[in-house]
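Asks: Below is a structure I'd like to ask you about.
FYI, it's all coordinate maths here, none of it is from the lab. Not measured: the values here are computed from a predicted model. Neighbour counts run over all protein chains shown; Cβ positions are idealised from the backbone, glycine included.
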Amino acid sequence: METELGCEREWLEGLLRERIALAGTLDLRVNRLDQDGIRLDFPLPPSINDKGTAFGGALASAMILAGWSLPRLLLRRHGLTAELVIGRCELRFTAPVSSAYSACCDWPAAPALDSFLAATRDQGKGRLDLAVRIESGGTVAATLEARYAALTSHDRS
């Protein structure tokens, strides 16, 4: 199981860094990918703003990438080909980030995952709600509530 997760972690980090330029620019690293969820790590320097803290847009991007990663992996595991987009999100910034940070997302409950997969496979459009957080220095500095949508070739609306 660990070897399989290690291969998935490598695949996902490669996908993010090679296909999404911002992930490479932010120097993203997949620190953890397991049955609990994902943790992406980011150094501060590529994200720094004029105040010496992480730019809010970089934090938002980090959270969106962490959230996007779980349904992307789920689709791959189940052999489903679909475009994956973020449909809506709500951000909250609660503390400045002045050091390296992580974007963390936990897997939702099994019924939500099953519903997402079934709707993607059967109707061509699945939705998955995820909660993501930025952690830095032992503090949750930002949160994101987001809905991701998987669209297959027979539903591009």
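Asks: Between residues in the stretch 109-120 that are touching a residue at least 40 places away in the same chain (Cβ under 8 Å) and residues that are surrounded by 11 or more Cβ atoms within 10 Å (Cβ to Cβ), which pairs lie under 6 Å by C-beta distance while being six or more apart or on different chains?
Replies: 116/126; 116/128; 117/78; 120/80; 120/82; 120/126; 120/150
Asks: A follow-up question, please. Looking only at the stretch 115-130, decide whether some residue is assigned to a strand (DSSP E or B), of a type in the set (A, V, I, L, M) and out of contact with any Cys (no Cβ under 8 Å at 6 or more places or on another chain).
Replies: Scanning the stretch 115-130 turns up at least one residue that is assigned to a strand (DSSP E or B), of a type in the set (A, V, I, L, M) and out of contact with any Cys (no Cβ under 8 Å at 6 or more places or on another chain).
Asks: Moving on to the next point. Quick check on my filter: what residues within the stretch 109-138 are over 17 Å from residue 84 (Cβ atoms), surrounded by 14 or more Cβ atoms within 10 Å (Cβ to Cβ) and not hydrophobic (A, V, I, L, M, F, W, C)?
Replies: 133, 135, 136
Asks: What pairs can you find where one residue is in the stretch 41-56 and assigned to a helix (DSSP H, G or I), the other is surrounded by fewer than 17 Cβ atoms within 10 Å (Cβ to Cβ) and among the aromatic types (Phe, Trp, Tyr), and their Cβ atoms are less than 8 Å apart, with a gap of 6+ or different chains?
Replies: If the second residue must be surrounded by fewer than 17 Cβ atoms within 10 Å (Cβ to Cβ) and among the aromatic types (Phe, Trp, Tyr), the pairs left are 47/55; 56/93.
Asks: Counting only residues that are aliphatic (A, V, I, L, M) and not in a strand (DSSP E or B), which one in the stretch 77-97 is nearest to residue 153 (Cα to Cα)?
Replies: Ranking the qualifying residues of the stretch 77-97, first place goes to 82.
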